[in-house]
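The values are calculated or read from the model by the stated rules, or taken from the named source; none is laboratory data. Values in this document were obtained by computation on a predicted structure and should not be read as measured data. Neighbour counts run over all protein chains shown; Cβ positions are idealised from the backbone, glycine included. These area figures cover heavy atoms from the full protein model, side chains too; ligands, DNA and RNA do not enter into them. Shrake-Rupley method; radii C 1.70, N 1.55, O 1.52, S 1.80 Å.
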Amino acid sequence: MDVTDGRVPPDAPVPVQTTNTQHDPKCSHMAQQDLHHQHHQPHQQRTVMDNAHASLPGAIQRKSRTNDRSKERPGHTDSPTGTREVDTGHYGDDGGGPKGKGSSDKLVVHLIIGFRDICVFTLVLPLGTLFVCFVSAYVFQPEEIHETHCRVYNIIPSISAITGVSPQRYLWRVSIALHIGPRFIIAFVYRNWYRAMVASLNDPGRMSKACRMINIVYWLNLVEISALCGVTYISNKENYPLHEKVFIIFMTTSLSYMLATLKLLKLLQPDGPQTPNEESSLRYKQAFFALSIASTVGLILFFLKHRFLCQDLAFSWFALCEYIVASANMGFHCTTMLDFPTEHFLIAKNAKQYKKQQTSLGWKLD
């Protein structure tokens, strides 16, 4: 071996440097303490110590089985800084949130119904019940339904007459009870739909008028629904004076609601309807409103003839106009199917994130 130039020949064996360490009870005790302390340190701290130990020259690098198992866990990734980041947003398939932890923000739908189906239900239920009441009362109770204070000849009973006898009154009340709930929901939906249309207007003056009309339409609709409930549950045979007053309120609010709705649509659609459904809806609303006005005039005229002149068949003509008014009212509200052809009513979990201020159910005048 030539040591003059300090170089080692390539074929020479490389000397291995060894250190002789003696068994020191004190060092052994400290090593045990260090091992015990290291065992209770957090995962990230042990990782940093292992990296630091691996950076020392000549040190023996140990492979941590715990670290390898952690890497195999779902959602476990290494950050650029060398620390581990665990994805706590791993949710189960049932949408119930992180497995074993908290709740999820995932939308879970429990019930979904087409809004069009709700509108069909609200139309068919009272219409079908009214038909059953008319046929059953006309066939089995003709004397009761044709009885009036004038004692004149009649062939068509009024709606109050066929729904005021038993057992038809119970069937009618049950149908109206099921009919009222969706009607309130439809009123809330219409108010929010109109508010969304206001946002597309550019004229501040038109926007202010539209907002006022929205509140008027909304409250007229609520009063109309409440009056319908009152007319149903206050029979003309039980309390005729109160029944008559509530019926007048129903007729007044119904016609006012139709007129206010047409005025509101004119404000919200200055250029006219933009889609075929909107055009059809507006055309049907105008037709049903005109039919309601004409039949209401005839209703008032024949009612006065029956009340003060007691003419034959005057009450029958009054009843016919009443049926036309009721049908026109149902038809006007049935245009909801054209206004919301693809919308759905749903009950869902974690839907609060989709809730907006304009879609809340408020009872205050804005």
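With respect to the numbered conditions (1) open to solvent by 20 Å² or more (accessible area, probe 1.4 Å); (2) within 20 Å of the chain's Cα centre (by Cα); (3) modelled with pLDDT of 85 or more; (4) not basic (K, R), which one is the sole condition not fulfilled by F115?
(1)
Does at least one position in the stretch 265-279 carry a residue that is open to solvent by less than 30 Å² (accessible area, probe 1.4 Å), more than 27 Å from L320 (Cα to Cα) and part of a helix (DSSP H, G or I)?
Among the residues of the stretch 265-279, at least one is open to solvent by less than 30 Å² (accessible area, probe 1.4 Å), more than 27 Å from L320 (Cα to Cα) and part of a helix (DSSP H, G or I), which makes the answer yes.
Would you check which residues across the stretch 247-262 are surrounded by fewer than 19 Cβ atoms within 10 Å (Cβ to Cβ) and either modelled with pLDDT under 95 or among the β-branched types (V, I, T) (or both) and list them?
Passing the criteria: I248, I249, T252.
Mind listing whichever residues of the stretch 133-153 are under 26 Å from L309 (Cβ atoms) and open to solvent by 10 Å² or more (accessible area, probe 1.4 Å)?
Y138, P142, E143, E144, H146, E147, T148, H149, C150, R151, V152, Y153, listed by residue number.
Give me the pairs: first residue in the stretch 271-295 and free of Cβ contacts under 8 Å to residues at least 12 places away in the same chain, second residue open to solvent by 60 Å² or more (accessible area, probe 1.4 Å) and not hydroxyl-bearing (S, T, Y), beta-carbon distance under 7 Å, and six or more apart or on different chains, which are they?
Within 7 Å, the pairs are P273/E279.
May I ask you to list pairs of residues, at least six apart or on different chains, whose Cβ atoms are under 6 Å apart, with the first in the stretch 121-136 being within 11 Å of H179 (Cβ to Cβ) and the second being of a type in the set (S, T, Y)?
L125/S175; P126/S175; T129/S175
Within the stretch 343-357, how many residues are free of Cβ contacts under 8 Å to residues at least 40 places away in the same chain and among the polar types (S, T, N, Q)?
Total meeting the criteria: 1.
With respect to L130, is the statement that it is at pLDDT 90 or above, crowded, with 16+ Cβ neighbours inside 10 Å and out of contact with any helix residue (DSSP H, G or I) (no Cβ under 6 Å at 6 or more places or on another chain) true?
When the stated conditions are applied, L130 passes them.
Count, please, the residues in the stretch 317-326 that happen to be in contact (Cβ under 8 Å) with a residue 40 or more places away in the chain and surrounded by fewer than 19 Cβ atoms within 10 Å (Cβ to Cβ).
Result for the stretch 317-326: 3.
Report yes if Q353 is within 28 Å of L291 (Cβ to Cβ), at pLDDT below 90, out of contact with any strand residue (DSSP E or B) (no Cβ under 8 Å at 6 or more places or on another chain) and not acidic (D, E), otherwise no.
The answer is no for Q353.
Can you pull out every residue in the stretch 196-221 that is crowded, with 18+ Cβ neighbours inside 10 Å and under 24 Å from I113 (Cα atoms)?
Y218, N221
Check the stretch 197-207 and report whether any residue there is under 23 Å from I300 (Cα atoms) and either among the hydrophobic types (A, V, I, L, M, F, W, C) or touching a Gly at 6+ places or on another chain (Cβ under 9 Å) (or both).
no
Of all residues in the stretch 229-246 being aliphatic (A, V, I, L, M) and in a helix (DSSP H, G or I), which is most open to solvent (accessible area, probe 1.4 Å)?
Checked the stretch 229-246; the qualifying residue most open to solvent (accessible area, probe 1.4 Å) is L242.
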